[in-house]
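What follows is a single structure, written as structure tokens, with notes after it.
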Amino acid sequence: MEISYKESIVNKIESFEPGTVFIANDFLEIASYERIRNILNRLVKDGTIRRILKGVYYQPRYSELLDEYESPNVHQVALAIARKYNWTITPSENTALNILGLSTQVPVKWLYLSDGRYITYSFDGIDIEFKRRSNAEISNMSTITAMVIQAIKAIGKDRISETQIDILKKRLSSEEKKALLREGKTATAWIYEILRKLGEEDE
């Protein structure tokens, strides 16, 4: 049975997009947690996958252009950590701006708000910091709504431009815009006015 468990896990990993970040819990339909963890550790040893942090893995994507394996996507790593500990998280400040395409500057520290503990994880010279917030502050809205609100806060009331609003409009789907208007009503008045601008085409 051990071989079939390993084959099932390897088959699932091979079905992922190259560069996908995953944890043992992502395979619980196949086997027990401990068995999965042991198999993943063996796959690390034989070079099939790479361990990023304890309990967080990925299948490296090879870049023909760079002639080397690419580093894992930092946001995917943060999401995997959140899944591992069952945290609700949302990117904050410059992290939100980068993910939403409102800034090309790569954050020195990737910052997330979380209902988990206050902790920083480091890998490959990158820091991911989780700042604890009350569950009510971040869990009553979708990740995209919370992230847009954090990005707007980071830009500031008097500094957000029409260009940035247009970038968000193009990036967000119709359903995401509707969610902004529905879920963002607890935001401060000036932020909600911007959310209305983002969603007005779909009203």
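A short reminder: the numbers here are calculations on the coordinates, not readings from a lab. All values derive from a computational prediction rather than experimental measurement. Every residue, glycine as well, gets a Cβ built from its backbone with ideal geometry; the counts of neighbours run over all protein chains shown.
Note on ALA189 and PHE16: their simple-model spin labels are 4.8 nm apart, each label 7 Å out from Cα toward Cβ.
As a rough guide to protection, the peptides 119-127, 23-31, 38-46 ranked by mean Cβ packing within 10 Å, highest first, stand as 23-31, 38-46, 119-127.
Highest mean packing comes first when the peptides 102-109, 142-149 are listed by Cβ atoms within 10 Å, giving 142-149, 102-109. Cα gyration tensor of segment 61-159, axes a ≥ b ≥ c as square roots of the eigenvalues: rounded (a/c below 1.5), prolate (a/b > b/c) or oblate? Judged from the Cα gyration tensor, segment 61-159 comes out oblate (a/c at least 1.5, b/c at or above a/b). The charge dipole of segment 58-164, taken about the Cα centre with unit charges on the Cβ atoms of Lys, Arg (+1) and Asp, Glu (-1), comes to about 580 debye, rounded to the nearest 20. Taken along the Cα-to-beta-carbon direction at a fixed 7 Å, the label points for THR163 and ASP67 span 3.7 nm.
Could you name the aspartates and glutamates in cross-link range of LYS109, using Cα to Cα under 13 Å and dropping any fewer than eight places away on the same chain? Answer for LYS109, where 13 Å is the Cα cut-off: GLU93, ASP124, ASP127, GLU129, listed by chain and number.
Label sites at LYS178 and TYR85, each approximated as a point 7 angstrom past Cα along Cα to Cβ, lie 3.5 nm apart. Quick one: length gained pulling SER122 to SER32 fully straight, 0.36 nm per residue minus the C-alpha distance? Stretched fully, the SER122-SER32 segment lengthens by 29.6 nm.
Using the Cβ-Cβ distance between VAL108 and GLU200 with R0 set to 45 Å, the FRET efficiency from 1/(1 + (r/R0)^6) comes to roughly 0.80.
Dipole check for segment 108-188: with +1 at the C-beta of Lys and Arg, -1 at the C-beta of Asp and Glu, and the Cα centre as origin, the magnitude is about 240 Debye. Treating r as the C-beta distance of ARG51 and LYS131 and R0 as 22 Å, the FRET efficiency rounds to 0.30.
Within the listed set ARG35, ARG51, ARG159, the residue fluctuating most in the Gaussian network model of the chain (springs between alpha-carbon atoms under 10 angstrom) is ARG159.
A simple charge model with +1 on the Cβ of Lys and Arg, -1 on the Cβ of Asp and Glu and nothing else charged puts the dipole of the chain at about 700 debye relative to its Cα centre.
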